[in-house]
Amino acid sequence: MGLDEVIITKAIVEEFTQAFLEYSEVDVALVGGGPANLVAAKHLAEKGIKTALFEKKLSVGGGMWGGGMMFPRIVIQEEAKHILDDFGISYREYQEGYYVANSVESVGKLISGATSAGAEFFNLVSAEDVMIRDDDSVCGLVINWTPVSIGGFHVDPLTIKAKVVIDGTGHEAAVCDTVQRKIPTAFNGQKVVGEKPLCAESGERLVVENTKEVYPGLIVTGMAANAFAGSPRMGPVFGGMLLSGEKAAELAISKLK
């Protein structure tokens, strides 16, 4: 059978357009495609919650791809091992309480788990602002293609309506930073100051504690949670990140109820 290039083009444009229109209104919009939001996306979608993830880069997976200093291995502690099992990620015990996984396999299976559960992904899309209504709650995102911002083009954005927004943008805490700039009193005087120097023990513990609703309709998770709270970074140990995503999903589910 011969291939018709126009049919190929129409298939891509029609399928994407249909998905984009369908997900212009969602229950939960996740910003950032790192490990925390990948875990959250799977848990949300499995519950039948309409979930869309927006990643500004071409690839999804955040900082997990590179492992530690481009050695493609990551460490997970005992408390988060059940999440590896849930996604079918293989690992081995290095010593008691320390488990090592292949970072490339881990990202691949996190992505597969989230998409197979029904979460829709939109890569190369940046969230440049949020929508806020009269009740002062975040009710959606203002989005544009990432190449538009890179090129400095004056192109107006489009919007996504969402009942809950989850900021999983890593060190930038980009959504929280935007809310802070637009509404200086949003966080009761707290500033998004960025994370403190590396301390794996406290960083891993605090990333879960710091995962919370920081403004009506806005939950922060993963490294963005520590950046928001000014807590330490933790390096290539990812258990806290995975547990943070799990908690973010639980918070969103509770809020939607």
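Since every read-out is calculated from the coordinates, none of them should be taken as a lab result. Note that the structure is predicted; figures quoted are calculated from it, not measured. Every residue, glycine as well, gets a Cβ built from its backbone with ideal geometry; the counts of neighbours run over all protein chains shown.
So here's what we get for this one:
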| read-out | value |
| --- | --- |
| Within the chain, helix-based [θ] at 222 nm, where runs of 4 or more DSSP H residues each add -39,500 (n - 2.57), nearest 500 | -12000 deg cm²/dmol |
| The stretch 29-256: translational diffusion in µm²/s, Stokes-Einstein, Kirkwood Rh over Cα pairs, 4 °C, 1.567 mPa s | 74 |
| Spacing of the two label points (7 Å from each Cα toward its C-beta) at S254 and K161, in nm | 2.7 |
| Nonlocal amide H pairs with L53, under 5 Å, H built at 1.01 Å | L30, E120, F121, F122 |
| Label-reachable residues, the stretch 228-251, where backbone N falls under 15 Å from a point 7 Å from H171's Cα toward its Cβ | 228, 230-237 |
| C-alpha center-to-center spacing [the stretch 211-257, the stretch 46-68] in angstrom | 14 |
| Magnitude of the charge dipole, the chain, Cβ model with Lys/Arg +1 and Asp/Glu -1, debye to 20 | 400 |
| Mean Cβ count within 10 Å, highest first, over the residues of peptides 186-192, 137-143, 54-60 | 137-143, 54-60, 186-192 |
| Virtual spin-label span in nm between K212 and R73, 7 Å along Cα→Cβ | 3.7 |
| Whole-Hz couplings from phi, Karplus 6.51/-1.76/1.60, listed for the stretch 213-221; x for Gly and Pro | 7, 9, 7, x, x, 10, 10, 10, 9 |
| Selection from P147, P35, P197 lying farthest towards where the dipole of the stretch 29-256 points positive, charges on Cβ | P147 |
| The chain: DSSP helices with Cα axial extent of at least 18 Å and average Kyte-Doolittle hydropathy no lower than -0.5 | 5-22, 103-117, 239-256 |
| Estimated dipole of the stretch 137-257 in Debye, rounded to 20 [Cβ of Lys and Arg +1, of Asp and Glu -1, Cα centre] | 320 |
| Positive dipole terminus of the chain, leading residue within F238, N226, S103 (C-beta point charges) | N226 |
| Among beta bridges that DSSP assigns inside the chain, antiparallel share in %, nearest 5 | 55 |
